[in-house]
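All remarks here apply to the structure that follows.
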Amino acid sequence: MLAVKVIQEQNIEVIGLNFKSQFFGLTDVEKYERQLNIKIKTIDITKPYLQILLHPKHGYGKNANPCIDCHAYMIERAVEIMHKMGAKFVFTGEVLNERPFSQNFKSLSIVGAQGGDEGYLVRPLSAKFLKKSIPEQTGILDRDKLYAISGRSRKKQIELAEKYNIRDFPQPGGGCVLTDPSFSKRVFSLKRAGVTDLRQYMLIKIGRHIWLDDSVKIVVTRHKEDDDALGVLLRSSDTVYEFPEIPGPRAAAFSYKRGRHFPDDVISRILAGYVGKKQRPPFVINKKRGRKIVRTYSIDKNIESSETAGLYKWKE
């Protein structure tokens with residue numbers, strides 16, 4: 001947001017790019033269009049992003065965040081759009097040394113070089129620490145009106161936010177779930193199991209993830225939002241366990257090895273362990289594939305969480 005205001009101060013029209021994947025992206029685009037007085041184009045990179053996530057050339061940050069490869073890919077796409085639109089340059093809000101992994105001098109250089117047409121990439125907030133860009137050299141941008149911000153202190157950014165009357169000021173790197181340790185565990189578990197199906201990685205934001213062994217996992221919903229999100233991603237061939245008679249969670253089971261069968265009794269007991277204490281047994285659980293009920297199970301007592309702990313290998 002600050003970088004947009006800095007560029008706009010030089011009477012340059014700005015078009016925003018919102019790169020969206022299953023892990024990040026603006027949800028309220030219109031809000032930012034109003035605040036910044038710009039048009040924002042959303043580019044869905046969900047499919048190509050999976051390969052970046054699984055095979056990052058420059059590795060991961062503290063968690064499952066392949067920030068350098070991610071930024072380089074977005075810059076590459078932005079440069080392509082720049083040429084198509086006849087725009088003069090691409091700029092970002094990156095600040096030198098604000099992020100130890102992805103925004104040090106070496107990383108910024110890698111991102112620029114890998115993204116292509118490095119000379120047309122501008123970082124207005126740290127420009128005076130960096131090599132002059134082509135827009136600065138040719139007079140499109142006045143370098144004196146750009147900034148020399150570096151480090152993790154937010155003091156200068158807060159001053160600029162006040163100057164530009166920006167009140168809803170986002171934190172750096174915010175919004176990407178791959179920086180969250182709990183979500184990262186889910187990503188790495190799938191990667192260890194050799195999973196390359198995009199849908200499985202789209203499931204990481206939903207519910208509880210319980211691995212019965214190294215190749216069988218169930219996703220157990222926690223509330224209606226989880227139920228709705230899971231429903232969107234389910235296929236007719238998926239196996240689901242649910243309570244037909246009482247309110248309660250659903251579980252979707254996934255096997256990552258051919259020929260593996262789901263332990264229905266174990267899954268039913270784990271699911272029953274999440275039933276509210278106000279509910280009274282017996283609990284009827286339907287095993288379904290698509291809309292077809294494959295089998296029905298009955299749990300005749302309340303299951304305590306301590307009783308289910310030994311039924312699975314690990315929980316995320």
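The table for this structure:
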| item | result |
| --- | --- |
| Of all residues in segment 1-20 being under 23 Å from the mean Cα position of the chain (by Cα) and either of a type in the set (S, T, N, Q) or part of a loop (DSSP other than H, G, I, E, B) (or both), the one that is farthest from Leu146 (Cα to Cα) | Asn18 |
| Lone qualifier among Ile40, Ile75 - being of a type in the set (A, V, I, L, M), closer than 30 Å to Lys185 by Cα and in contact with a Gly (Cβ under 7 Å, 6 or more places away or on another chain) | Ile75 |
| Qualifying positions in segment 130-169 - of a type in the set (S, T, N, Q), more than 29 Å from the chain's Cα centre (by Cα) and within 26 Å of Phe101 (Cβ to Cβ) | Ser133 |
| Single match in His58, His71 (criterion: assigned to a loop (DSSP other than H, G, I, E, B) and crowded, with 18+ Cβ neighbours inside 10 Å) | His58 |
| Ser102 being closer than 30 Å to Lys191 by Cβ and either at pLDDT 95 or above or in a helix (DSSP H, G or I) (or both) | no |
| Residue list for segment 268-290, restricted to those being over 14 Å from Tyr241 (Cβ atoms) and in contact (Cβ under 8 Å) with a residue 40 or more places away in the chain | none |
| Check on Ala87, farther than 17 Å from Ala72 by Cα, touching a residue at least 40 places away in the same chain (Cβ under 8 Å) and over 24 Å from the mean Cα position of the chain (by Cα) | yes |
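The values are calculated or read from the model by the stated rules, or taken from the named source; none is laboratory data. The shown structure was predicted, so the numbers you read here are calculated from the model rather than taken from an experiment. In this analysis, Cβ positions are derived from the backbone assuming ideal geometry, glycine residues included, and neighbour counts consider all displayed protein chains.
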